[in-house]
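Reviewing the structure listed below.
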Amino acid sequence: MRDPHDLLLADHQALRKQAGALKDAIDRAPQKLAESLATFQKAVQQHFKREEPYYRILDDGKRVKDRGLVHQLRNDHAAVIFTLESLVIRLRKNGINPDWRTRFDNLMNVFLPHLDQEDKQLFPIGRETLSSPERDAILQHIQSGE
């Protein structure tokens, strides 16, 4: 069976690529931006949902000694979901304007470093501390698409 970290890292790569395409669409294809943003929003929501049992298992066992890191990463999830929803609404109502661009840049300044922190700080802890049955349960959740 594969390691859930591999799937989550693959998600991160795909999300980084989508984020880059979104940045390009703002200037090059603004007429497609609403659709691209909605697609990105769904992908981010799905990814965070896939990570939920991972966080729950690590957090329940208090395996991450840096409690601030776990709280910050979870708060990032909430902030990103909220900001994406706000961006979708603002884009629909007002189009691309300086305020929207600033909010989008702020989102990316949270989201992309968040992925890096999971890759470099959280996942190594999970790789070290998760048991095989825990990995299997997380992997099953990810693969089920729940």
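Structure notes:
- Translational diffusion of the range 38-146, estimated by Stokes-Einstein from the Kirkwood radius over alpha carbon pairs at 10 °C in a medium of 1.306 mPa s, is 104 µm² per second.
- Reachable lysines, given that their alpha-carbon falls under 18 Å from the alpha-carbon of LYS42 and they are not under 8 places away in the same chain: LYS17, LYS23, LYS32
- Ranked packing of 29-36, 111-118, 42-49, most packed first, by mean Cβ within 10 Å: 111-118, 42-49, 29-36
- Accessible surface calculations at 1.4 Å, restricted to protein heavy atoms, place the chain at 55 Å² per residue.
- Options SER144, GLN121, VAL88, ranked by Cα towards positive dipole end of the chain, top entry (Cβ charges): VAL88
- Here the range 1-129 exposes an accessible surface that is 51 percent carbon and sulfur, computed with a 1.4 Å probe and the other protein chains kept in place.
- The range 1-98: projected area of the alpha-carbon convex hull, averaged over directions, in nm²: 7.5 nm²
The values are calculated or read from the model by the stated rules, or taken from the named source; none is laboratory data. All values derive from a computational prediction rather than experimental measurement. In this analysis, Cβ positions are derived from the backbone assuming ideal geometry, glycine residues included, and neighbour counts consider all displayed protein chains. Accessible surface areas use protein heavy atoms only, side chains included; no ligands, DNA or RNA. Shrake-Rupley method; radii C 1.70, N 1.55, O 1.52, S 1.80 Å.
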